[in-house]
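The values are calculated or read from the model by the stated rules, or taken from the named source; none is laboratory data. Here the structure is a predicted model, which means the values were calculated and not measured. All Cβ positions, even for glycine, are placed from backbone atoms using ideal geometry, and neighbour counts span all protein chains on display. Ligands, DNA and RNA are excluded from the accessible area calculation, which covers all protein heavy atoms including side chains. Shrake-Rupley method; radii C 1.70, N 1.55, O 1.52, S 1.80 Å.
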Amino acid sequence: MKTKIARIEELKCEKGVVIFAHYYCRPEVQQVADFLGDSLALSIKAREVDAKTILFAGVHFMGETAKVLSPEKRVLIPNPEATCSLAESCPAEEFAAFKAQHPEALVISYVNTTVGVKALTDICCTSSNALQVVESVPQDRTIIFGPDKNLGTYIKKITGRENMIMWNGACHVHEKFSKEGILALKKEYPEAKVVVHPECRGEVADLADYCGSTAGILAYCDTSESDTFIVVTEPGILAEMEKKYPQKRFIPAPSVEGKACNECEYMKMITLDSIIACLENEAPEIEIEEEIRQKAERSIEAMVAVK
Ligand code: 13P
Ligand code: SF4
């Protein structure tokens, strides 16, 4: 592994590439990242970073978002087959037909979508800012919220907003966390705080002491007085938790199938080998038709403008 990491560092320098990685990536991939973060932080960083080429260690929509915001940069992705079940649950043509049925509605989409869906969207959101984005819309305006029905339902519940129409999509990783498994862990560790990503089902989110994005969860674990946490999201985040807070204890939550934790196989497709090949070949690269890119950019910029 050491030699692979050294080879990546050498290629990064030689080719002037910066590596972005999401918290769900393998620990060794997180190790070679220049910037590690959640979807929101990485999107914002993609605009700001001073580099000609970004290699995005994450799923396809994350690389697309970086390219939408920084069209002048080259965005390399180590494995184009690393997609996302949530983004795939919302094909752009079907979303366009859904939108046409509700012409009065404003469209809010989670960034876990293809660029085609972002181009049909008024304001994007991430799990970090979904609440603020929804609250920025006048109360009397109907909202189409897509594609994650779990995140949408969670926001609807905390805002008490009735006029939200949901797209019926979900993340296969977060849908599988088990309420019973978490309740059993709570019995075993009564002092533990439960931290949950809002892509989980409502009955699971209801068990949370804190519910929020990966970055939000990390911040909560930092400030919480508790030293034990039941972690109800993709276990890639454990590497950063253990690195940042070595004195605290993190227990991954089980899935309905009884698995000790629930991995995103798409995120795990990004390996050190695929990064080396991508840096050597300077491919594959994200390419987006300019008209679609500009439309998608408007919806992401609208999100960034919400404070
Ligand atoms: P974050 O918004 O927390 O980065 O989550 C992204 C994601 O894919 C969750 O499944
Ligand atoms: Fe997509 Fe779910 Fe994987 Fe996140 S964890 S990238 S939403 S499939």
Test item: Cα-centred dipole of the chain, Lys/Arg +1 and Asp/Glu -1 on Cβ, debye: 460 debye
Please enumerate, by chain and number, the lysines with C-alpha under 20 Å from the C-alpha of LYS4, excluding those fewer than 8 residues away in the same chain. LYS12, LYS15, LYS268
Using the Karplus curve 6.51 cos²θ - 1.76 cosθ + 1.60 with θ = phi - 60°, what ³J(HN,Hα) values do you get for each residue of the range 50-67, in whole Hz, with x for Gly and Pro? 8, 7, 7, 9, 10, 9, 9, 8, x, 7, 4, 4, 5, x, 4, 4, 4, 5
Tell me which residues come under 5 Å, amide H to amide H, from GLY169 once H is placed; ignore anything under 5 positions away on its chain. LYS149
Quick one: Debye curve from the C-alpha atoms of the range 105-225, no solvent, what's log10 I(q)/I(0) at q = 0.16, 0.21, 0.22 Å⁻¹? -0.78, -1.18, -1.26
Diffusion coefficient, µm² s⁻¹, Stokes-Einstein with Kirkwood Rh over alpha-carbon pairs of the chain at 37 °C and 0.692 mPa s: 166 µm²/s
For the range 104-116, take each phi angle, set θ = phi - 60°, evaluate the Karplus expression 6.51 cos²θ - 1.76 cosθ + 1.60, and give the result in whole Hz per residue in order, putting x for glycine and proline. 7, 7, 8, 9, 10, 10, 5, 5, 6, 9, 6, 4, x
Under 20 Å Cα-Cα from LYS248, which aspartates and glutamates qualify once same-chain neighbours fewer than 8 residues away are excluded? GLU188, GLU191, ASP209, ASP222, GLU225, ASP227, GLU234, GLU240
Give the lysines reachable from LYS149 as a straight Cα distance under 22 Å; neighbours fewer than 8 places away on the same chain don't count. LYS99, LYS118, LYS157, LYS176, LYS179
Relative packing of peptides 178-188, 107-117, 36-46, 80-90 - highest average C-beta neighbours within 10 Å first: 107-117, 36-46, 80-90, 178-188
For the chain, report the accessible area per residue in Å² (1.4 Å probe, heavy atoms, rounded to an integer). 43 Å²
Overall form of the range 28-86 per C-alpha gyration tensor (a/c, 1.5; a/b vs b/c): rounded
So, in Å, what gap is there between the alpha-carbon centers of the range 155-170 and the range 1-52? 35 Å
Sort 242-251, 277-286 for me by packing, meaning the mean count of neighbouring Cβ atoms within 10 Å per residue, highest on top. 277-286, 242-251
Among beta bridges that DSSP assigns inside the chain, antiparallel share in %, nearest 5: 5 percent
